[in-house]
Each structure stands twice: as C-alpha cells, then as structure tokens.
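Down below is the structure, laid out as structure tokens.
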Amino acid sequence: MNKLKCGVVGATGYAGAELVRLLLNHPFTELAAVSSVSYEGQTYPDVFPAFAGVCDLPLISSDELFESRCDVVFTALPAGITEEMAYKHKGLYSLLIDMGSDFRFDDEEIYEKWYGKPYAHKELHLNSVYSIPELHRDNIKADTAIIGNPGCYPTSIALGLMPALKNALISSDGIVIDSKSGVTGAGRKLTQETHYPDTNESFNAYKAGSHRHTPEIEQTLSQIVSKSVKVTFVPHLLPVNRGILSTIYAKFTEGASLSSVYEAYKSAYKDEYFIRLEPLGTSANIRNVRNSNFCSISLHEDKHTGTLIITSCIDNMVKGAAGQAVQNMNIRYGFDEKTGLTTVPAIF
C-alpha cells in the first residue's frame, strides 16, 4: 500500500518532536514535511541534532506544508491558530489532527469563556471529532476531516474515572483531582516558572481552580454519565521532564467496594492494549509509562471516609499528545491502533 504522506506544523515544540519521532517509525507513514515559525529555513537536525541522518528535512512555513498536499497534517499550536489554518487550507488535506484546543469542545460558549474567543469558522466543527480513542473511537468515521486530540491532563483523568463513573460505583458529585505534570507540559518556550533554578528541587500547584483543562475534563465526564459533572481540579508542576500522575478522589456509592470497582475496571479495559490496570495493593508510577503510549491505573480506598482513590499515569508527550494523535490516525485509516506505538516504556 502507498504510505500516508504526513506533515507536522509546530514540529520544533516538544509535542511536535515526539510526533516526528513516532511517524519516522510508523510502517504506513512517510514524514513529508515539517514546519516551524521560529526556525524556518533551518533543517530539522539544526534544531534537534538527535535526528541527524534520520530526518534531514528543511523547516518550512505552514503555507508551504499545506501546499505540499499531505494526506495527514498534525498541528501542535497554541489556541486559535489551527482553526484558521484548517479553514484557509481546506481541501489540501484529508485529515487534520489538532493537538491544541481548537477542536476539543462541543459547546462554543465554553470555548469562548475559557479561551477568550468564539469559533471563527463554525462549519469546520460540524465535521470534527474529539477523541480519546478508548472512549470515542466509534465516533471516528472514514470521512472525518478533523480530529481534536485531547489534552494530557484530561486523558489521564477520563481514563482513570470512566469505569467507576459509567457503572455508578462512585458519586459524580464532589470529585477532587490532584494532578502532577513534568515540565515539558508547559511547552518549550522558557518562562520564569519553568527556568531550571526555579523548577529543580521545587514542587508547586499552579492555576488552582482555573486551569483551562477543567472544562474539557468536565465535558468528557458529563458524557460518560449523561448529566452535568463538576470537578475540583488542581494541577502541580513536578521537577521532572515528562509524565503525568493524576490522583483522583471520589465517594463510593452505596454497595460499592474496592473489589467491585476493580472488577469493573478489569471488564472495561480487558481488551485495551494501552491501559494497564495494576494489581490491588500496588501503585501506578510515571516511571513505568515513560516514552510510551500506555496508561497505568491503580485503585485504592480510604475505608475511614468511604473514598475511592484512583491514580492514573501517562507520559504527557506520548499518550497525552503525540502518541494519542497517532493512535487516532490509525483508527481513522483502519490500521491496527497499536501500529507504530508498541515501544516499551524506558526504564531509566
């Protein structure tokens, strides 16, 4: 079969670089073009020497990339930019997968509230699909033109909560989510908060109660139980390069127990290659998913308060971004979902 011609817009960001790495090892894709505003005119190894001799492509403008007529275009860009690109270059791609926030929301009012702007091209959203593959794969059709790739925090949280919520084993009220992310989650651009002397040997909460991933989390959880769900979500910055650990607290419903919850998770995820349900008595650890597309989940209980404690770990750059984007592409084109994504987690 002919390989899919792929292009990456925003290829010199952390998520973009992960995409390049994964696409180069995918048996059914050809990495045809890479784009960058900051490094346009240089070659990819000029920015990332690790790719020398493997990907020597020039970094071109986004207009040039779209005009090269890639089958699949991945965008790793800030909010508000991809929607305009998708409209401007409509007809020059078969599938666009946006790793930003432009195509993540069903409700335009929520997007405008949290991102400060309405949809500029509403018609694009009529043929776009938001997809955490394990939850939304059936929504991806052969003619789907745009896929909104989920955020990293929402991925770890939705996968961590789905079986308990879907089976009414926990209350949908009063859910508290305490998430920690590696510094790559903040992007490649240096800020004072991510500057090494300020991050190393440090640990802090940020945007408590006001993080932009909150409405995305609530949208997915609300879909699971078919009613409005509100959560308390507090993210933290870990002094590590990559990884997310979400610890989630929810009250057991009457008659539910840790063993019944565990059985529900086993049943829900028994055929999901990328979901690893840890044995009771053990804890999920970001070390065990690093550089991989796996999600590790462990279940615990606080008998004193009747609280289920869920820990869910992913690599924020892979399952939380680039790997999930490739998984969504695999679904769209009928490939085995695991294709190009079976790398074993890096131990050290």
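Just one of the numbered conditions (1) surrounded by 14 or more Cβ atoms within 10 Å (Cβ to Cβ); (2) under 21 Å from the mean Cα position of the chain (by Cα); (3) closer than 29 Å to ASN291 by Cβ is not true of TYR262: (2). Of the strands (runs of 3 or more DSSP E) contained entirely in segment 1-75, those carrying at least 3 residues that are more than 21 Å from the chain's Cα centre (by Cα) fall at 29-35. Pull up segment 218-249, narrow it to residues that are over 20 Å from ILE286 (Cα atoms), surrounded by 14 or more Cβ atoms within 10 Å (Cβ to Cβ) and charged (D, E, K, R), then point me to the one that is farthest from the chain's Cα centre (by Cα). Per the stated criteria, the residue is LYS230. From the list ASN316, ASN291, ASN330, ASN285, pick out the single residue that is closer than 30 Å to LEU95 by Cβ and either in contact with a strand residue (DSSP E or B) (Cβ under 9 Å, 6 or more places away or on another chain) or of a type in the set (Gly, Ala, Ser) (or both). Exactly one residue qualifies, and that residue is ASN316.
Out of PRO197, PRO215, report the one residue that is loosely packed, with under 12 Cβ neighbours inside 10 Å and not hydroxyl-bearing (Ser, Thr, Tyr).
Selected residue: PRO197, the only one of PRO197, PRO215 that is loosely packed, with under 12 Cβ neighbours inside 10 Å and not hydroxyl-bearing (Ser, Thr, Tyr).
Condition first: touching a Cys at 6+ places or on another chain (Cβ under 6 Å) and either basic (Lys, Arg) or not in a loop (DSSP other than H, G, I, E, B) (or both). Now tell me which residues in segment 289-320 satisfy that.
SER296, ILE314, LYS319, GLY320, listed by residue number.
Report whether or not VAL229 is assigned to a loop (DSSP other than H, G, I, E, B) and within 15 Å of ILE177 (Cβ to Cβ). Judged against the criteria, VAL229 is a match.
For segment 262-284, residues that are in a loop (DSSP other than H, G, I, E, B) and touching a Ser or Thr at 6+ places or on another chain (Cβ under 7 Å) total 4. Does segment 302-348 hold any residues that are closer than 30 Å to SER257 by Cα and either at pLDDT below 95 or hydroxyl-bearing (Ser, Thr, Tyr) (or both), and which are they? Across segment 302-348, the qualifying residues are THR305, THR307, THR311, SER312. Which of the residues that make up segment 337-348 are within 15 Å of LEU23 (Cα to Cα) and either in the same structural domain as HIS26 (by TED's automatic domain parsing) or of a type in the set (A, V, I, L, M, F, W, C) (or both)? The answer is LEU341, and nothing else.
The values are calculated or read from the model by the stated rules, or taken from the named source; none is laboratory data. Remember, predicted model here, so these are calculated numbers, not experimental data. With ideal geometry, Cβ positions are generated from the backbone for all residues, glycine too; neighbour counts draw on all protein chains shown.
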